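The values are calculated or read from the model by the stated rules, or taken from the named source; none is laboratory data. Nothing here was measured: the structure is a model prediction, and the numbers come from that model. Backbone-built Cβ (ideal geometry, glycine too); neighbour counts: all protein chains shown. SASA here: full protein model, heavy atoms, side chains in, ligands and nucleic acids out. Shrake-Rupley method; radii C 1.70, N 1.55, O 1.52, S 1.80 Å.
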Amino acid sequence: MKEENLLWYRQPAANWNEALPIGNGRLGGMIFGTIQKEQIQLNEDSVWYGGYRDRNNPEAITYLPKIRSLILNGEIKKAESLMVSALSGIPQGMRTYQTLGELNLIMEDHESYDSETAHYQRKLDLSKALHTVTYEMNGYHYSREAFSTYADNIMVVKLTTDDPKGLTFATLLKRGKIYDYSKKTGEASVMIGGGLGKDGLDYGLMIQVSQEGGKTEFIGDRIVVRGAESAIILVNGITTFRCDDVEAYLRDSMKRVSSKSYEELLDAHIQDYRKLYDRVELDIAGDERNRTIPTDQRLKALSDACEENKDNGLFVLYFNYGRYLLISSSRPGCLPANLQGLWNKDLQPAWDSKYTININTEMNYWPAEVCNLAECHEPLFDLIRRMQPHGQITAKKMYGCRGFVAHHNTDLWADPAVQDWWVPGSYWVMGAAWLCTHLYAHYEYSRDLNFLREYYPIMKDAALFFMDFLIEHNGYLMTCPSVSPENTYILPSGESGANSVGVTMDNQILRDLFTDCVKAGELLGEEQEC
């Protein structure tokens, strides 16, 4: 195994940020790797709180001329104050991405052991998308493997030991204290689940345990395994975003996968994953000594910024980790990678872990085409398609414009309305425009005219909005209000603010979008419209 494909450590994760991620695009986990209690925080990409709402502010179209007048007159504070009232969504917040839950494997006979005395290692093999923990206890070897497979659409965990006393552990499923039920669903299967708020989805999380040797029993809502040579835990979760009956879906998935051996599941997973991962290889000559050092120590040495700590292989590892994360959080048929990819431990995460489309979503997908991962781009295209009809309503209601528009965030429901009342970012109308440049970028790499023919109407609809929205000022067509996200400025008069007219970022995005539309129209033989 090349070290540029391996993250490895000599101690368990001390917190969530140190845990290692696995995912199949839809179902993900953050693995802590502790000896006494293996902890896997779980996510399913459609676990979002609440349903769709039309949040478009009906006052926007009335006050837009006044806002523009104030901006053009340099009265920025007055304009921004009016924008907060007249343009903000009602209610102001979109929906929130949430954790699916957590699986704990409580190792009842491991209380006195720690990573130093147990020759502990935890690894994430990027070339196989396989997480491994190994350690020793009383001279015997213990191993845990975990992967989330796209091939079989499930997560698999395997525990083994050569200790003649076998494995003894108990399972615990939870979602903090926020779930409606926990129930036995089979001889060695348990499920938790509930609802995700008013007008929201229902969700379920299920595990099923099988073992070689020893015995299994239920105590309360826990599955207890004693004296096993090995054990396999199947993990799956789903919401009614994808199925009508979550329990029936999860039972069927367990039944289907249980007919296969662990080796069959792992082999299918690795073969499927490598079809994507093995397409690109980066090599940078560096110091071979560093490849035998744990990843955290390599990072620490590099931070000292000394020439003797040169570690080009670490940059290759970083590049490979980025490809791994995209493959693991964005596969065909799944939702796009959100603000945290797929992995989120909270019910109320930072920035709601939404799709932040004023930079973060675009950044997630910059490697897609250049790293020959075009399939991983597809979930973003699906989201853009779902945004279009909502964005047409927003364009008409808020701005009196044709076409479709989106602001700086969207969510599971493809909500395009203004998110929050944050003056340096919320009132930005370029979200759909920037996302649509990804459509033409995909064509440039694929030369797939059928794809371009399918998505050209969406690109054109995003451009059409600006044919109505742009205002003429000083001989130019400009966006107004206009904002360079998270930036502020000071006028010669001393007036400061964030919103303005015709900022450079808007011009760059529109130049790309309009150029892409013209090129696409010519390729497809479409007449251009004004």
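Given 0.36 nm per residue, what is the gain on full extension from E212 to E247 after removing their alpha carbon distance, in nm?
This chain segment gains 10.0 nm when fully extended.
Placing dummy labels 7 Å off each Cα toward the beta-carbon, the span from N487 to H141 is 5.8 nm. Secondary-structure-derived ellipticity at 222 nm for the chain, considering helices only, amounts to -11000 deg cm²/dmol, per-run term -39500 (n - 2.57) for DSSP H runs with n ≥ 4. Placing unit charges on each Cβ (+1 for Lys and Arg, -1 for Asp and Glu) gives the chain a dipole about its Cα centre, and among Y324, T96, G227 the Cα reaching farthest toward its positive end belongs to T96. What is the distance in Å between the Cα centres of region 461-513 and region 139-185? Spelled out, the Cα-based centre of one part sits 53 Å from the other.
For region 496-530, backbone nitrogen atoms closer than 18 Å to the point 7 Å from E444 Cα along Cα-to-C-beta are found at 505-524. Computed from the C-beta positions of S496 and H473 and an R0 of 22 Å, the FRET efficiency is 0.60 to the nearest 0.05.
Taking 7 Å steps out from each Cα toward its Cβ at Q297 and A374 produces label points 4.4 nm apart. Hey, for a label at E362 modelled as a point 7 Å past Cα toward Cβ, could you say which residues of region 468-495 have their backbone N under 12 Å away? Hits in region 468-495 for E362 at 12 Å: 484-485. Based on protein heavy atoms only, the chain ends up with 43 Å² per residue of surface accessible to a 1.4 Å probe. Between F315 and E527, the distance separating the two model label sites (each 7 Å from Cα on the Cα→Cβ line) works out to 5.3 nm. Bridging of K255 to lysines at a Cα separation below 22 Å is possible for K158, K183, K184, K215, once same-chain residues fewer than 8 apart are set aside. Note on L439: accessible area is roughly 0 Å² with a 1.4 Å probe, heavy atoms of protein only.
Rolling a 1.4 Å probe over the protein heavy atoms of the chain, with every protein chain left in place, gives an accessible area that is 50 percent carbon and sulfur.
Summing Cβ point charges (Lys, Arg +1; Asp, Glu -1) relative to the Cα centre of the chain gives a dipole of roughly 1020 debye.
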